[in-house]
Amino acid sequence: MKLSVWLRPVAFVAALLVLWHIAIARQTVHLLPGPVAVAAGIVELARRGLLLKYVTASLFRVTWGFTAAAVFGIPLGLAIGWYRRSEMALNPLIQIFRPISPLAWIPISILWFGVGDMAAIFLIFLASFLPLTVTAMNAVASIPPVHINAGRNFGLSQAQLIARVLYPAVAPQLIIGLRITLGIAWLVVVAAEMIAVNSGLGFLIVDARNAGTRYDLVVAGMVLIGLIGLLLDIGMRSLEGVKSLRWGYSED
Amino acid sequence: MEATTVVGVRPIVSHGLKVERALRVKLRAEGVSMIFTRDSDQVRVLDNISLEVGEGEFVCLLGPSGCGKSTLLNVVAGFISPTQGQVRIGGESVHGPDPRRIFVFQERGVFPWLTVEGNIGFGLSKLPKAERTHRIAHYITMVGLLGFEKAYPQELSGGMKQRLEVARALAVNPDMLFLDEPFGALDSITRLIMRGELLRIWEAERKTILFVTHDIEEAVQLADRVVVMSARPARIQGVVNIDIDHPRDISSRRYLELRDGIFEQIGLAHKV
């Protein structure tokens, strides 16, 4: 049974690849490279030593930007959610910043950090920071008062209450928020790399088009982005299987 | 030593025959009023409530839904401060929740991220490990959760979660328990079993219990005294001594007499 669960999407993707191949082979206009050309492109990247280099570069930027956002955004969101008055004060500001696409910050991040890793990392930080802050805020606000009251009733100090009630109560929602935000960060790294740097998968796509219209490499870059995004999501999802967190995902 | 009386209220059923042990007063609420302000509207929820509960006594607060009896329990437990009046427990005035007095919520109060063991041990973190393990094991047995030590609450039934919460409360050895409609969400069979369990535990450990319910039968089955409250703003309408020994025969004449007395007190003809 377990095999067939895995087999189904694999078989479906294989069928799509075959269809893609046939469709490209049957027409003469150059709309899209076929799957074989794309695979060859990926092999070529690997042979030139660019595959690992670009993937590492992109992951490096996401890791730093996303981690920094989590380290600052989550505690801030928890604090805002915990002290209701600060939520009233800060919420309008958050709602003003939220609709500004992280990509709108590209000129400013280049102005501040120049063209390079820091600019890209800063953009990912910006893209992840508010979603994580808001997730943490909402997670705190949705803790049932009975749990907080029970914690206080057993004589917990404020610090103990945070460690033993607040943190475990918000953990499941935080993990969902982290998973969704990592997806956003991964989207933004590609866009940031198209402008602010000269390595990484986003750069690969722009560069392959500019330097010789290598559309096989453009699509190869897209495929790699998709596959890595899938792996990141699977990795985050596996956290949801942790036993002491699972209560947060059941529909009760 | 003071006799257990209710300040300012005359018991509606008084039986001269009842020879009460002279109970030491455990809890005394004096002139407690509670006014909530919502959008500049003032809602009076509790109106000048005075009440005494003796040590080791089982008292039910009985009233219609939404009358404010839960608010009174929250005031007494120290979760909210009254607008007027004060609550004294064991001579000290109440300024916040205290591990010597545990509030049992409906079964939702157990921590879903902890196992049965983790929940029962929640209030025991200051104890040495051996003592802690011993107590957890003792209360797991007492509430009949043997074999479920490592289970998470979502794997338990409603009745089991409720027993777990009672066990978590008892494990810290409080002198008082506040129970807020603890069996309200259970099916009627489980509810009957739970009442029996609670009485058994109460008789074994002699905690002072303040129990909120809107169920007249439940109040008469459990309590030494039933404090009947009016609809909002809650006032004490009367206090009924339930002078029947446990285990109570719930078809005995005296039981029915007391029960019907309360029905009348609340203004309900006992007919459907």
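Numerical summary
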{"read-out": "All positions within the stretch B:75-88 that are within 12 Å of chain A (Cβ to nearest Cβ), at negative phi and free of Cβ contacts under 8 Å to residues at least 60 places away in the same chain", "value": "B:PHE79, B:ILE80"}
{"read-out": "Enumeration of residues in the stretch B:211-263 that are of a type in the set (S, T, N, Q) and outside any strand (DSSP E or B)", "value": "B:GLN221, B:SER230, B:SER251, B:SER252"}
{"read-out": "Residue tally, condition under 16 Å from B:VAL240 (Cβ atoms), acidic (Asp, Glu) and assigned to a strand (DSSP E or B), over the stretch B:44-65", "value": "1"}
{"read-out": "The stretch B:131-175 - residue that is acidic (Asp, Glu) and surrounded by fewer than 21 Cβ atoms within 10 Å (Cβ to Cβ) and, of those, nearest to the chain's Cα centre (by Cα)", "value": "B:ASP175"}
{"read-out": "Only listed residue being exposed (fewer than 14 other Cβ atoms within 10 Å of the Cβ), charged (D, E, K, R) and out of contact with any Ser or Thr (no Cβ under 6 Å at 6 or more places or on another chain), chosen from B:ASP215, B:ASP245, B:ASP260, B:ASP224", "value": "B:ASP245"}
{"read-out": "Test: residue in the stretch A:87-98 that is in a helix (DSSP H, G or I) and closer than 23 Å to A:LEU204 by Cβ", "value": "no"}
{"read-out": "Among the residues listed as B:ILE201, B:ILE209, B:ILE193, the single one being touching a residue at least 24 places away in the same chain (Cβ under 8 Å), more than 13 Å from every other protein chain (Cβ to nearest Cβ), of a type in the set (A, V, I, L, M) and under 22 Å from B:GLY78 (Cα atoms)", "value": "B:ILE209"}
{"read-out": "In the stretch A:142-192, residue surrounded by the most Cβ atoms within 10 Å (Cβ to Cβ) [restricted to those that are hydroxyl-bearing (Ser, Thr, Tyr) and either more than 14 Å from chain B (Cβ to nearest Cβ) or part of a helix (DSSP H, G or I) (or both)]", "value": "A:THR181"}
{"read-out": "Hey, A:LEU45 farther than 22 Å from A:VAL190 by Cβ and assigned to a helix (DSSP H, G or I) or not", "value": "no"}
{"read-out": "Lone unmet requirement of (1) more than 27 Å from B:ILE242 (Cβ to Cβ); (2) in contact (Cβ under 8 Å) with a residue 40 or more places away in the chain for B:SER70", "value": "(1)"}
{"read-out": "Of the criteria (1) crowded, with 18+ Cβ neighbours inside 10 Å; (2) modelled with pLDDT under 85; (3) in contact with a helix residue (DSSP H, G or I) (Cβ under 6 Å, 6 or more places away or on another chain), which one B:GLY238 fails", "value": "(2)"}
{"read-out": "Qualifying residue in the stretch A:241-248 (condition: under 30 Å from B:PRO97 (Cβ atoms), assigned to a helix (DSSP H, G or I) and either of a type in the set (Phe, Trp, Tyr) or under 17 Å from the mean Cα position of the chain (by Cα) (or both))", "value": "yes"}
{"read-out": "Residue, surrounded by the most Cβ atoms within 10 Å (Cβ to Cβ), within the stretch B:110-123, restricted to residues that are facing chain A (nearest Cβ under 9 Å) and not in a loop (DSSP other than H, G, I, E, B)", "value": "B:GLY123"}
{"read-out": "Selection from the stretch B:80-99 of residues that are in a loop (DSSP other than H, G, I, E, B) and out of contact with any Gly (no Cβ under 8 Å at 6 or more places or on another chain)", "value": "B:ILE80, B:SER81, B:PRO82, B:THR83, B:GLY90, B:GLY91"}
{"read-out": "Hits in the stretch A:200-216 (condition: part of a helix (DSSP H, G or I) and not β-branched (Val, Ile, Thr))", "value": "A:LEU201, A:GLY202, A:PHE203, A:LEU204, A:ASP207, A:ALA208, A:ARG209, A:ASN210, A:TYR215, A:ASP216"}
{"read-out": "B:LEU210 vs. criteria under 20 Å from B:CYS67 (Cα atoms) and either at pLDDT below 90 or crowded, with 17+ Cβ neighbours inside 10 Å (or both)", "value": "yes"}
{"read-out": "Residues (surrounded by 15 or more Cβ atoms within 10 Å (Cβ to Cβ) and either of a type outside the set (Gly, Ala, Ser) or touching a strand residue (DSSP E or B) at 6+ places or on another chain (Cβ under 9 Å) (or both)) located in the stretch A:224-238", "value": "A:LEU224, A:ILE225, A:ILE228, A:LEU232, A:ASP233, A:MET236"}
{"read-out": "Answer residue from the stretch B:89-104, given it is touching a residue at least 12 places away in the same chain (Cβ under 8 Å) and surrounded by fewer than 22 Cβ atoms within 10 Å (Cβ to Cβ) and is nearest to the other protein chains (Cβ to nearest Cβ) among those", "value": "B:PRO99"}
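The values are calculated or read from the model by the stated rules, or taken from the named source; none is laboratory data. This one's a predicted model, so the numbers in the text were calculated from it and none came from an experiment. Here Cβ is always computed from backbone atoms with ideal geometry, including for glycine, and neighbour counts include all displayed protein chains.
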